[in-house]
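One structure below.
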């Protein structure tokens, strides 16, 4: 039993490059080329990564308290490792929360310490 092979012509193929209903909206917006993100911890006047500087560390946490990946924050791999260690150390010493919005907690910590002093 032989199967009949159907021959396809290039014209019969569904052309994926043609604009569809949703593609017109995308084509209307021009794409801006994005530059590569620079590591904020490299350079002559860059801040040091320190577990006691909770304001700087809180910038690199998500709303749920997760450490942001380097591809989103733009930090180099070496400094990302240092940052992760500093955040974990600050969490262990109860300077930062493990879960929740760390930015809000940091602001509340700073306000209570300034009013108490």
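The values are calculated or read from the model by the stated rules, or taken from the named source; none is laboratory data. In this text, all values refer to a predicted model and were calculated from it rather than measured experimentally. So basically every Cβ, Gly included, is an ideal-geometry build from the backbone, and we count neighbours across all protein chains shown.
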Scanning region 93-117 residue by residue, those at pLDDT 70 or above, outside any helix (DSSP H, G or I) and loosely packed, with under 15 Cβ neighbours inside 10 Å turn out to be 93, 94, 98, 99, 100
Taking region 70-87 and keeping residues over 14 Å from residue 48 (Cβ atoms) and touching a helix residue (DSSP H, G or I) at 6+ places or on another chain (Cβ under 8 Å) leaves 70, 73, 76, 77, 80, 87
Any residue in region 62-78 that's surrounded by 12 or more Cβ atoms within 10 Å (Cβ to Cβ): show its pairings with residues that are at pLDDT 90 or above and not in a loop (DSSP other than H, G, I, E, B) at Cβ separation under 7 Å, as long as the two are six or more apart or on different chains. 67/61; 67/84; 67/87; 68/61; 70/77; 70/80; 75/83
Residue 56 fails exactly one of the following numbered conditions: (1) at pLDDT below 95; (2) touching a strand residue (DSSP E or B) at 6+ places or on another chain (Cβ under 7 Å). What is the number of that condition? (2)
Selected residue (only one of 90, 46 is in a loop (DSSP other than H, G, I, E, B) and at pLDDT 90 or above): 46
